[in-house]
Structure formats: structure tokens, C-alpha cells
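Values quoted throughout were computed directly from the atomic coordinates according to the rules given, and no laboratory measurement underlies them. The model shown is predicted, which means the values in this text are computed figures rather than measured ones. Because the Cβ atoms are built from the backbone with ideal geometry, glycine has one as well, and the counts that use them run over all protein chains shown.
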Amino acid sequence: MAKGSSIYDLDSGTPRWFAVQTRSKSEKFVVRMLHKKGITCYLPLMKIMRKYSRSKRLVEKPLINCYVFVYITREHYLPVLETENVSGFVKFNRDLVAIPEEEMATIRRVSLEEDLDVQTIAGQISSGDHVEIAAGTLTGLKGKVIKQEGKQQFQIELASLGMSLLISVNAAFLEKIPRGSSDWMGFQN
């Protein structure tokens, strides 16, 4: 690596994951176009049962609206930007930031999760708490509770992605990360 570069930079030899913003409701189209260009990409989908007047249908919707993840090197940067319906790369402070493989694994696990809707014990977890899921298929997911909606909806922000996912989690499955621990230090306020 060149002097001053980090593991988060766009590299000419080592592919890394980056988030790309798309136009509304065009995520699947962008994935098809990127595949045609030979670019590895990932669109996390969740299955939702939709009720219509005469039937029910299982549909796949993006887990995170207007985002597609690409696994690229420097040479793929412009072809991704030139893809129809791509608005641009997600940047922090005008810098392109790679998404760690652990965060991508977490997104894959969240998109595969089917039923987290269980009872919670009110008052144990509150906004601002740093938590880790300690049971179930999402064990190990760490984030910051942005807000609680109802008894079991916790909006948890993933530290490295800088975006929030609304996840239904039983409060009994959440462990607070103590202030001052090395896990707690990784969060940006």
C-alpha cells in the first residue's frame, strides 16, 4: 500500500466492499447492470408477505432502500459510477470508505433472518445504549440504539456503515456494552 493509504481506501489490487446509492426503487435494476459489467455486487433482500384483496404473495424487498454493495478495486470505480441509476458512492467526510467484511457478514445475517418478533421487557434498553445481540441467529451484531418504538422495535445503528436498520429484537436477547470497554470505544457519537 502507498504511504498514507489505509485498509479503507480503494485499492488497485485488493477488492473491498463499498456502498453505492441508487435511485429509488431501482436497486434490482442496478444489480443486473453491474452483473452485466462483471462487477461483484450484493443487494440484501428481505421476504415480506403482502396481502392483496384476493391473495397473499411473498415478495422480496431491499433491506436497505437505495443501497447496493459492490466488491471492487480501483479499476471498477468509474464503471460503477457510470451505471444507470447509480447516484454515487457512500462517503464520509468526502472520503470513500470501505465496509469491513464483518459488517457485510452482519448484513447478510440480518437479511436471512425471518422472525425476530418476540416480547420484550420494557425499560431495560434505551436510546443511546450500545448493545450486542447475545442470542439467536444475529448473535454478535453490535450497534447503538437510536430509539425504541413500542415494546420490541429497536432502531440499531451499525457503527461502520453509518446507517440504521430497524430490527425487532427481544430485550432479553440484548446485552448492553459497558462504557469504557474496547467494544464500546469503536462507536462514534
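Structure data summary
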| item | result |
| --- | --- |
| Gyration tensor (alpha-carbon) shape descriptor, the stretch 16-99, a/c threshold 1.5 | prolate |
| Sequence of L45, L112, L78 once ranked by neighbouring C-beta atoms within 10 Å, starting from the fewest | L78, L112, L45 |
| Pairwise label distance in nanometres, E82 with E102, each label 7 Å out on the Cα-Cβ vector | 3.7 |
| Set of lysines with alpha-carbon distance to K25 below 22 Å, sequence-local pairs under 8 removed | K36, K37, K47, K51, K56, K61, K91 |
| Packing-based exposure ordering (other Cβ within 10 Å, fewest first) of H130, H76 | H76, H130 |
| Added length on full extension, which subtracts the Cα-Cα distance from 0.36 nm per residue, L58 to T40 | 3.8 nm |
| Gain in span if fully extended, E175 to S12, counting 0.36 nm per residue against the direct Cα distance | 54.7 nm |
